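For reference, the structure discussed in these notes is given below.
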Amino acid sequence: MRIERAKEMGFCFGVKRAIRLVERAAREYGHLETLGPLVHNQMVVDGMAGRGVRAVDSLEEISGPRVAIASHGVGPQVFEEIRKHHFQVIDATCPWVARAQKAAQRLTQAGFLVILLGDAEHPEVKGVLGWASDRGIAVQNEGELPDLKGLPRRLGVISQSTQSPERFAEFARKIVDLGLGRSIELRIVNTICDATPRRQAATLDLVQRVDAMVVVGGQSSANTCRLALLCSGSGVETRQVETADDIEETWLEAHHRVGVTAGTSTPDEAIDGVVRRLEELAGRGVSGAG
Ligand code: F3S
């Protein structure tokens, strides 16, 4: 069995920046609480806990005088709540997410209804829609679009930062098609961050040369799940694992070339652990061929 890593994978700029900011604050103040997990990866959350960083679900659970905002960002309503509690803020919102928030705010201020391609339950999406006040909706695909006849004439189309550019283009095209023949005004703003397409391209390149893919990253990490979908959509057998412990020997028996990729919230330790485990299995002859 041969193992190959994707040319680009793992921590993105926004995640590295968030970890750096929060670690620095924790060193300075002794301990710190983050509103929600800093990144969607348990290994990172556990590692941060060892450095005095605790994730809480609500502002009411904060015991200290300060709170850190994760890379996914939050809406202005949350900042308002923080202000009322007189907490000091360590804002680790990724600059790419902040760009999407500004786009949502700008669109709504100009009278557009924001249609966001993304998961309404994801913290980033909730935060971005918060900046659109109550003039934004999130849909996961074209099928979830409401009838345009019932929507305002001005529509602004944006995306969750981790969508694939192709999916977003397809989605925006559908709205253009649906709007033809109606008097609508459309603004399409590309809010996909550049880490996402680069990792997706590196993964799709690797998929050509392997017969199985292992995607390393948390189930709650949107971009990791999307990488797994891209791999399985290419017809290659795909498994998503969080750590090396999730790798099942039997699964590898029929495979000769295994590719490894990882989401933007996956630490190098997790990737290296998975590669080591695969190499160990390959060394024991667990595959279709050596
Ligand atoms: Fe930011 Fe993109 Fe990473 S939005 S947190 S650089 S995946």
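The values are calculated or read from the model by the stated rules, or taken from the named source; none is laboratory data. Keep in mind that what you see is a predicted model, and the values were worked out from it rather than measured. Cβ placement follows ideal geometry from the backbone for every residue including glycine, while neighbour counts extend to all protein chains displayed. These accessible areas exclude ligands, DNA and RNA; they are computed on the full protein's heavy atoms, side chains included. Shrake-Rupley method; radii C 1.70, N 1.55, O 1.52, S 1.80 Å.
Data overview
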quantity: Selection count where residues are part of a loop (DSSP other than H, G, I, E, B) and buried (at least 23 other Cβ atoms within 10 Å of the Cβ), scope the range 113-144; calculated: 2
quantity: Residues of the range 154-187 classified as within 14 Å of LEU113 (Cβ to Cβ) and touching an Asp or Glu at 6+ places or on another chain (Cβ under 6 Å), total; calculated: 1
quantity: Number of the exception - VAL97 against (1) within 16 Å of the ligand (Cβ to nearest atom); (2) open to solvent by 20 Å² or more (accessible area, probe 1.4 Å); (3) touching an Asp or Glu at 6+ places or on another chain (Cβ under 7 Å); calculated: (2)
quantity: Residue in the range 11-20 that is away from the ligand (no atom under 12 Å from the Cβ) and in contact (Cβ under 8 Å) with a residue 12 or more places away in the chain present; calculated: no
quantity: Within the range 42-55, considering residues that are open to solvent by 20 Å² or more (accessible area, probe 1.4 Å) and free of Cβ contacts under 8 Å to residues at least 40 places away in the same chain, the one nearest to VAL15 (Cα to Cα); calculated: VAL45
quantity: Matching residues, the range 56-80, being open to solvent by 50 Å² or more (accessible area, probe 1.4 Å) and either assigned to a loop (DSSP other than H, G, I, E, B) or among the small types (Gly, Ala, Ser) (or both); calculated: ASP57, SER63, PRO65
quantity: Options ALA110, ALA138, ALA202: the member that is free of Cβ contacts under 8 Å to residues at least 40 places away in the same chain and on the phi < 0 side of the Ramachandran plot; calculated: ALA138
quantity: Residues within the range 44-71 that are polar (S, T, N, Q) and either within 16 Å of the ligand (Cβ to nearest atom) or within 20 Å of SER221 (Cβ to Cβ) (or both), tallied; calculated: 1
quantity: LYS7 touching a residue at least 40 places away in the same chain (Cβ under 8 Å), open to solvent by 60 Å² or more (accessible area, probe 1.4 Å) and on the phi < 0 side of the Ramachandran plot; calculated: yes
quantity: The range 81-92: number of residues that are surrounded by fewer than 23 Cβ atoms within 10 Å (Cβ to Cβ), of a type outside the set (Asp, Glu) and either within 16 Å of the ligand (Cβ to nearest atom) or within 20 Å of the chain's Cα centre (by Cα) (or both); calculated: 1
quantity: Residue in the range 27-58 that is farthest from ASP91 (Cα to Cα), counting only those that are in contact with a strand residue (DSSP E or B) (Cβ under 9 Å, 6 or more places away or on another chain) and of a type in the set (S, T, N, Q); calculated: SER58
quantity: Strands (runs of 3 or more DSSP E) fully within the range 179-290 counting 1 or more residues that are of a type in the set (Ser, Thr, Tyr); calculated: 237-241, 257-262
